[in-house]
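What follows is one structure encoded as structure tokens, with my remarks underneath.
Please treat every number below as a calculation from the coordinates, not as lab data. On a predicted model such as this, the values are computed, not experimentally measured, just so you know. Cβ atoms come from the backbone with ideal geometry, glycine included; neighbour counts cover every protein chain shown.
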């Protein structure tokens, strides 16, 4: 049981909990206790220190804006104006949009979950109400009536995940075959290297504009979600370069002895690629894919903001423009959600890499 637990933790990239498992089984208590303190306790302490620093920093920034408002009111109308302004601050009528405290962010996250449940209930009620009518419309060849209310925070997370996975698979299907071709041919590699070096550092904003120019012309008669198409293509093109470069490097650096063996065995091109080249290049290819996932998730927010796709990028921008009392807290809550999902995506790719390559990532 102990070994299976340790293997599972290492497989999913959470090997830093290994000392806790060994300590629980009584194995080398002093050694594993020291390792546990270094790998688990110290990080927890750092989190606590971070939260304390954040709390007191947010309080200081809040007081700076509050004191500024009070002094402005005193200058304009004396002590009576100060009392009025203090009352407005307490009631929330006079908002102070500084850095929110950790407690405010937690409250904002809870509010987003409550809002999601309310919107989900409305969707369910709408679907139940229109079920019979939609059945008749579909029988008559008409389009069903769909819910057009605003999406919830969780809905926007799902939209972003759908977009990033579509962009990732686009990057995969473009970068890996092209990288293999370039890796197998030094002539092609030197001929097209200039293109990679020019397009690799291009900003996601520019990729979005380029994709927009092309897709809008090709979808003039399309009635579907064009913003989703633009978003995932832009994400894929922006994020594919790490996989392309790593695939090219991995294929080009395959041990020459393996290639010689393939020649001796008279393997076909397909057999050489799938039995020799790909298995040897897998570690570098998956390193590129892990980077691609991270880049795709990172650039997604900016691209969604520009395309108005109903994902996390749009959520952050709308909250920024909203300027409500809890808007800043919701933005920070979204930031932690974005970071947490990015971490989970990286752990997912880490596990797939270990499963496919049988090597340490």
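Report summary: the helix-based calculation at 222 nm, which adds -39500 (n - 2.57) for every DSSP H run with n ≥ 4 and divides by the residues of the chain, gives -27000 deg cm²/dmol. The alpha carbons of the chain give a radius of gyration and a Dmax of 27.1, 95 Å, in that order.
Remind me, what semi-axes does region 150-357 give for its equivalent ellipsoid, largest first in whole Å, using sqrt of 5 times each Cα gyration tensor eigenvalue?
Details: eigenvalues 283, 73, 36 Å².
Each semi-axis is √(5λ); the values are 38, 19, 13 Å.
Calculated FRET efficiency, residue 63 to residue 144, Cβ-Cβ distance, R0 = 35 Å: about 0.05 to the nearest 0.05. Here the calculated FRET efficiency for residue 325 and residue 346, from their Cβ-Cβ distance with R0 = 41 Å, stands at 0.75, rounded to the nearest 0.05. For region 73-223, the Kirkwood estimate of hydrodynamic radius, built from reciprocal distances between every pair of different alpha carbons, is 22.5 Å.
Grab the beta carbon distance between residue 134 and residue 114, set R0 = 41 Å, and tell me the FRET efficiency rounded to 0.05.
Values: r = 29 Å, r/R0 = 0.70.
With R0 = 41 Å, the Cβ-Cβ based efficiency is 0.90.
Taking every pair of alpha-carbon atoms in region 171-287, give the share separated by more than 17 Å as a whole percent. Numbers along the way, then the final one.
On the way: 4196 of 6786 pairs.
Beyond 17 Å sits 62 percent of the P(r) for region 171-287.
Springs between Cα atoms under 10 Å define the GNM used for the chain, and in it the highest mean-square fluctuation of 223, 346, 107 occurs at 223.
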